[in-house]
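Read-outs throughout are calculated quantities, based only on the coordinates presented, and are distinct from any laboratory measurement. Here the structure is a predicted model, which means the values were calculated and not measured. So basically every Cβ, Gly included, is an ideal-geometry build from the backbone, and we count neighbours across all protein chains shown.
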Amino acid sequence: MPHDIIAFGEVMVRLAPPNFQRLEQTRTLDVEIGGAELNTAAGLVRLGRSAAWVSRLPDNPLGKLVTNRVREIGVSDQFVQFAEDGRCGVYFLEFGASPRASSILYDRKDSSISRVQRGMFDWSTIFTSAKWFHVSGITAALSPGAAEVVDEAMHAAREAGVKVCMDLNYRSKLWTRERAAQVMSLLLPMCDLLIASEADAEFLFGITGEDFTEVAEGLEEKFGVKTIAGTRREATLVWRNRFAAVGYSAGQTYESAWYEVEIVDRLGAGDALAAGLIHGLLDNDLKKGLDYGAAMGALKHSIPGDLPWLTREEIESTIQGQGLRIRR
């Protein structure tokens, strides 16, 4: 069946000690899965869109665990390949509380998706009738081969008339600043929507400005990207933030409402925001995308795990400003 959105990237098994424990003291670990692109695809499915996730997993029980969870949230796994080589990446999450920040320990080297090569996926078939393609800098950072496949996929999307969303998502634990700048400079000109922080724009490309608008103008001038979006976050405590979305297109900047969030789990909030953005842009409405994205990102803070187990009703109620009274 055709899908509105195709997402390409890695999903890892997430292991977290319960009750704010440290890894070295815990006796049990809570099991979830997480991956930026899948999180976004799942958010779009929760809004009523159809989405498929493209990846490569080991042909073992951990690979099956991941695809079971993918199907559970409603994302298609029809383009996932099971491989004899590589492994399933794992990451360990310690939840912090002020003044101790949360922290992540990755164990993802030699994952099956990091061993991907050009020609392994039939992108022309995958993009048949699709409308948007979503990928992030995390995928390109996994290996030289993964970066080449991201390039291959983005070219195929453009040829198929599919719009491309790239979340810059710089991860210093995966690649150097120089390598990231080199690769992303080749990929960004193919984007229709770029999600990027002002800090990453400065760190990777030396683009600065007095505000988001000036940074977005600099990114547009350098890479030709027409629509640029980002998050707004004010953090006073580890578990209490203010959150919003901002976007730029055709010389105009738009902002969402601000939300006060009590954080149960902040992982995946930016991916939920990306889902709302694409949802709005599927209707050619950036302001709608920012409104949905900010509400989804804010709500995701209240959900354990990386995946956005949200309903369209609560997303739209949040946009409309409904309060915290119990719904009976």
Could you order peptides 302-309, 19-26 by the average number of other Cβ atoms within 10 Å of their residues, highest first?
-> 302-309, 19-26
In terms of the charge dipole of the chain, which places +1 on Lys and Arg and -1 on Asp and Glu at the beta carbon, the residue among A97, V215, A153 farthest towards the positive end is A97
Once semi-axes √(5λ) of the Cα gyration tensor in Å is worked out from the coordinates, which option in [x] 26, 26, 20; [y] 38, 25, 16; [z] 26, 22, 20 does it equal?
-> [x]
What is the distance, in nm, between label points placed 7 Å from the Cα along the Cα-to-Cβ direction at T213 and at T253?
-> 0.6
If unit charges are put on Cβ atoms (+1 for Lys and Arg, -1 for Asp and Glu) and the dipole of the chain is taken about its Cα centre, the option from S302, G119, L186 lying farthest towards the positive end turns out to be S302
Proximal charge balance of T125 [Cβ under 15 Å; K/R count +1, D/E count -1] = -3
Per-residue ellipticity at 222 nm for the chain, helices alone: DSSP H runs ≥ 4 residues times -39500 (n - 2.57), over residue total, nearest 500 deg cm²/dmol?
-> -10500 deg cm²/dmol
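Roughly how many debye, to the nearest 20, is the charge dipole of the chain about its Cα centre, given +1 on each Lys and Arg Cβ, -1 on each Asp and Glu Cβ, and no other charges?
That gives the chain a dipole magnitude of about 840 debye.
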Restricted to the chain, the DSSP antiparallel beta bridge percent, nearest 5, is 50
Taking R0 as 30 Å and r as the Cβ-Cβ distance between R100 and A199, the FRET efficiency 1/(1 + (r/R0)^6), rounded to the nearest 0.05, comes to 0.85
Charge sum, other residues only, whose C-beta stays under 14 Å from P61's C-beta, Lys/Arg counted +1 and Asp/Glu -1 = +2
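So in the range 1-66, what percent of DSSP beta bridges are antiparallel if you round to the nearest 5?
Within the range 1-66, antiparallel bridges account for around 55 percent of the total.
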Here the FRET efficiency for Q320 versus E262, based on Cβ atoms and R0 = 22 Å and rounded to 0.05, is 0.65
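Under 14 Å from the Cβ of K173, count the other residues' Cβ atoms, weight Lys and Arg +1, Asp and Glu -1, and hand me the total. Let's see the in-between values first.
On the way: positive: R108, K109, R171, R177, R179; negative: E10, D107.
With Lys, Arg at +1 and Asp, Glu at -1, the net is +3.
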Stretched fully, the stretch from R27 through T128 gains (0.36 nm per residue minus C-alpha distance, one decimal, in nm) 31.6 nm
With r as the distance between the Cβ atoms of K173 and K287 and R0 = 35 Å, compute the FRET efficiency 1/(1 + (r/R0)^6) and round to 0.05.
-> 0.50
So E84 and E72, fully extended at 0.36 nm per residue minus their Cα-Cα distance, gain in nm 1.9 nm
If you build a Gaussian network model of the chain, linking Cα atoms that sit under 10 Å apart, which residue out of I104, I228, I207 swings the most?
-> I104
Considering Cα pairs under 8 angstrom that are at least six residues apart, work out the relative contact order of the chain and quote it in whole percent.
-> 16
